[in-house]
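One structure is given here, and the rest of the page talks about it.
Quick note: the coordinates plus some simple rules give every number you see, no bench work behind them. Since this is a predicted model, take the numbers as computed values, not measurements. Neighbour counts run over all protein chains shown; Cβ positions are idealised from the backbone, glycine included.
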Amino acid sequence: MFTRRTVLSGLFGLAATAAGVGGRSGEAWAARSHGRLDAVIDISHSTTVRDFRAARQRSNILGVIHKASEGGDWRDPLYSSRRVEAEAAGLLWGAYHFGTREYSGAEQAAMFLKSARPGPTTLLALDLEFNELNPSNTMRLRQAEDFVRSVLAATGRHPLIYTNAKWADGEPMGRGQHRLGGRISEHSILANCPLWLADYRDQPQLPSAWRGKGWHFWQYAGDTEDGGPRGHRARSVSGVVRCDRNLFQGDAAMLRKFWTAAAGGAGAKRKA
């Protein structure tokens, strides 16, 4: 997930700084998390991982969501080996796909499942955001809906949707004023998916389709050089360099319960 580096740290960061968040330390932020659990990170091959056990034991990280694929023809080369390491360290494991426009939603879902090889407790997610590095290759709304339908048909699970309010509500982004291709409505299959909200402000804004439902994960700080508006300590994790940080709405027991339920539990279909 790379668009957040500038979009969320810039646009959202300005709002956070205006609210007096910019100089807050990681410890102060943790104290203001209001009972939300700060124990989930998301990473990709571009993240340096030295020791998952240190992340689990010293920083109390409980879950990792790793990039598995992008578009219809790219796999993260470190996904499989890190999965073994993370699960051996006692961490919950999840996989995300970065959506693009080049391939159909169904083709991308097939690529994702082939790459992620989800087990009965593997959390699944679609990264639905503005592709800042290649705007013309940004996934569109209909493709995202087809992706979710395909994943649901193959696994019996709704993946999480990673997005932010502005993009999900169909507002323009980037110099070219690019759009998702419509607002995610409450009738869309995407609205049936748990929300993984990206927003670096002090209090996040929900996309309209999830109002009344809320978010399950809130990515509050990213792996930018300075850690985003909350400073470098906000995303500091033992054994991992420059990862994204996410809050969960609940405690550790609730996180494990949600993770297992969202992944489908022991009865979920498995993709070979």
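Projecting the Cα atoms of Ser136, Tyr220, Ser59 onto the charge dipole of segment 37-263, computed from C-beta unit charges around the Cα centre, puts Ser59 farthest toward the positive end. Between Arg149 and Val84, the distance separating the two model label sites (each 7 Å from Cα on the Cα→Cβ line) works out to 3.8 nm.
Run the numbers on segment 151-194 and let me know its relative contact order in percent, using alpha-carbon pairs under 8 Å that are six or more apart. RCO, segment 151-194: 35 percent.
The relative contact order of segment 37-263, computed from alpha carbon pairs under 8 Å that lie at least 6 residues apart in sequence, is 22 percent. May I ask you to work out the translational diffusion coefficient for segment 29-133 at 37 °C, viscosity 0.692 mPa s, via Stokes-Einstein with Rh from the Kirkwood sum over Cα pairs, reported in whole µm²/s? For these conditions, the coefficient is 224 µm²/s. Projecting the alpha carbon convex hull of segment 37-263 along each direction and taking the average yields 11.3 nm².
For segment 62-108, the alpha carbon positions stretch 36, 18, 12 Å along the principal axes, listed from largest to smallest. Annotated for segment 37-263: lysine pairs at least 8 residues apart or interchain, Cα distance under 25 Å, count 5. Distances between placed amide hydrogens fall under 5 Å for Gly250 paired with Leu37, all partners being 5 or more residues away or on another chain. Put a plus charge on the Cβ of each Lys and Arg, a minus charge on the Cβ of each Asp and Glu, and nothing anywhere else: the dipole of segment 50-104 about its Cα centre is then about 280 debye.
Overall, segment 106-189 carries a charge dipole of about 140 debye about its Cα centre when +1 sits on the Cβ of Lys and Arg and -1 on the Cβ of Asp and Glu, all other atoms neutral.
Remark: segment 37-263 carries a charge dipole of roughly 380 debye about the Cα centre, counting +1 on each Lys and Arg Cβ and -1 on each Asp and Glu Cβ.
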